[in-house]
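Report on the following structure.
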Amino acid sequence: MVSLKNFCAVFVIFVVAFMDEVKALTGPSHGKVVVCYLGTWSVYRPGRGSFTIEHLDPALCTHIVYSFAGLDEKTDSIKSLDPFQDLADDYGKEGYQKLTRLKHRYPHLKVTLAIGGWNEGSLKYSELAKHANRRSRFVSSVVDFLRKYDFDGLDLDWEFPGKRGGAPEDKLNFLILVKELKAAFSKYNLLLTAAFGAGKDTIDAAYDVKGLSLYLDFIHMMCYDYHGAWDQKTGANAPLQSSDVLNVEFSINYMLKLGAPAKKLVLGVPLYGRTFLLPEPYDPESGRKPKLGAVARNIGFQGPFTRENGFMGYNEICLEVKNKSQNWAKFWDSESKTPYAVSGNKVLTYDDVQSIEEKVKFAIEKDLGGIMVWSIDTDDFHGDCADVGEDGHFENFPLMRAINKAIPKSIEDRRNSVQWTGVNTSGAGSSSSLLFLVAMAIALFIKF
């Protein structure tokens, strides 16, 4: 017979183990990284476009990247670009600490800080990287800064070495900088990642891919902005395929060819689209399907939240195309495997659930490390475009949820298609380990 004392002891052990297991399942369990960049200036957008840290759903990401910090050229140190939003000083909003504190509630989560970005330019980083003493001061300041604010690591967003005012020697100097950062980070187990431009010309000019792969934990491939109003013709923002080198498949395959380990490559997916203005309006009564590649003006139209020429967040796009008064006609481009929409002289090229599923499938087929998004603040985070069920339920973050649903499905499809019997990466064993705990508890119960 089982004594009450023994039964209670076994039961307590099982409950504690079960709760620990549940606690560890606060995020994606498919074993791939899902890196969510957060553009912190999104808090200043008007109305329902304003995105605060409180809007985040950390269960949808494995990593959140706070974007951006900058470089103080006088002291060669990392600095906040928006002290009021980032810091607690002078009654600030303490964004750094708000974000890093999420790790207490979501123990799976890694929170890193990005430095650079488009507006920071390239020249100041080029000048820093060429001098050993300046690099040394920078590395020391970064380590102190990350530890002070409890970040798990740094994401380098130098856009781009060797370009935009940079020098040819940036390619080597960037490698040296990354090597020195990694050496300093190793003592504190800090992550080191970088965002790479996806164009072939940028890759060739900026990156010693094989060398950088030795020191970077992940390489975030910015597989978007292949086309925009600057082309003066319509084109997909992030084509999966195309007849030239400006597409996702070429970028990833080229990086693999240059020696990047698949497990360190993270495929970037845009949660935004590109806008175009045609010289003449499209006539939906013509019976013809408008094609990408049509002549367009060199400036696109704005969205109501982001208010940037040629750019619209998905949260703006989904509302726009649902607006029946605008008579948007939606199409699918079979070559790029992306949607586009046309209304009068306006054209939108973007990503939706279907196109993101295609990109995730490709990433899994290539056995990449995971998916990255720029940026989570332009998903439909309020769920304004969602269908509401009879019970009033609806879902927000549709693109983020699509990514996290598509990853395990694509893994399973790949396993079935190639009869793959390998062991999945770290997060995939959670269910089996939970079943093991149940089995152990039952065995102990029977024994007692």
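The values are calculated or read from the model by the stated rules, or taken from the named source; none is laboratory data. Being a predicted model, the structure only gives us computed values, none of them experimental. Glycine also receives a Cβ, built like all others from the backbone with ideal geometry; neighbour counts cover every protein chain displayed.
Just give me the residues in the range 261-303 being hydrophobic (A, V, I, L, M, F, W, C) and either free of Cβ contacts under 8 Å to residues at least 60 places away in the same chain or in a loop (DSSP other than H, G, I, E, B) (or both), in sequence order. Full working, then the answer.
As a first pass, look at the range 261-303 and keep what is hydrophobic (A, V, I, L, M, F, W, C): 262, 265-267, 269, 271, 276-278, 292, 294-296, 299, 301.
Within the range 261-303, L271, L278, L292, A294, A296, I299, F301 qualify.
Is there any pair linking a residue in the range 332-358 that is over 10 Å from G273 (Cβ atoms) to one that is among the acidic types (D, E), with Cβ under 6 Å and at least six apart or on different chains, and which?
Matching pairs, first to second residue: K337/E358.
Out of the range 368-416, which residues are in contact with a Cys (Cβ under 7 Å, 6 or more places away or on another chain) and either under 28 Å from D217 (Cα atoms) or of a type in the set (D, E) (or both)? It would help to see each step written out before you state the result.
Looking only at the range 368-416, we keep the residues that are in contact with a Cys (Cβ under 7 Å, 6 or more places away or on another chain), and these are 373, 376, 380, 385.
Correct list: V373, I376, D380.
Search the range 316-328 for residues being touching a strand residue (DSSP E or B) at 6+ places or on another chain (Cβ under 9 Å) and assigned to a helix (DSSP H, G or I), and hand back the single one that is farthest from H30 (Cα to Cα).
Q326
Would you please list the contacts, defined by Cβ atoms under 6 Å and residues six or more apart or on different chains, that run from a residue in the range 382-402 that is more than 23 Å from P28 (Cβ to Cβ) to a residue that is part of a loop (DSSP other than H, G, I, E, B)?
Filtered contacts from the range 382-402: V388/F394.
Of all residues in the range 204-230, count the ones that are under 30 Å from R297 (Cβ atoms) and either modelled with pLDDT under 95 or charged (D, E, K, R) (or both).
Selection size over the range 204-230: 1.
So which helices (runs of 4 or more DSSP H) are wholly in the range 165-250 and hold at least 1 residues that are touching a Phe, Trp or Tyr at 6+ places or on another chain (Cβ under 6 Å) and not hydroxyl-bearing (S, T, Y)?
170-186, 200-206
I need a count of the residues in the range 58-103 that are assigned to a strand (DSSP E or B), closer than 29 Å to G27 by Cα and among the small types (G, A, S).
So the count comes out to 3.
Restricting to the range 27-63, give me the number of residues that are surrounded by fewer than 22 Cβ atoms within 10 Å (Cβ to Cβ), of a type in the set (D, E, K, R) and farther than 21 Å from Y96 by Cβ.
The total comes to 1.
From the residues in the range 194-219 that are surrounded by 17 or more Cβ atoms within 10 Å (Cβ to Cβ) and out of contact with any helix residue (DSSP H, G or I) (no Cβ under 9 Å at 6 or more places or on another chain), which one is farthest from G162 (Cα to Cα)?
Checking each candidate, the answer is A195.
So that you can scan it fast, the table gives a plain yes or no per residue for (1) exposed (fewer than 14 other Cβ atoms within 10 Å of the Cβ); (2) more than 26 Å from the chain's Cα centre (by Cα); (3) more than 25 Å from L38 (Cβ to Cβ); (4) modelled with pLDDT under 95:
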residue: R401; (1), (2), (3), (4): no, no, no, no
residue: N416; (1), (2), (3), (4): yes, yes, yes, yes
residue: V423; (1), (2), (3), (4): yes, no, yes, yes
residue: L434; (1), (2), (3), (4): no, yes, yes, yes
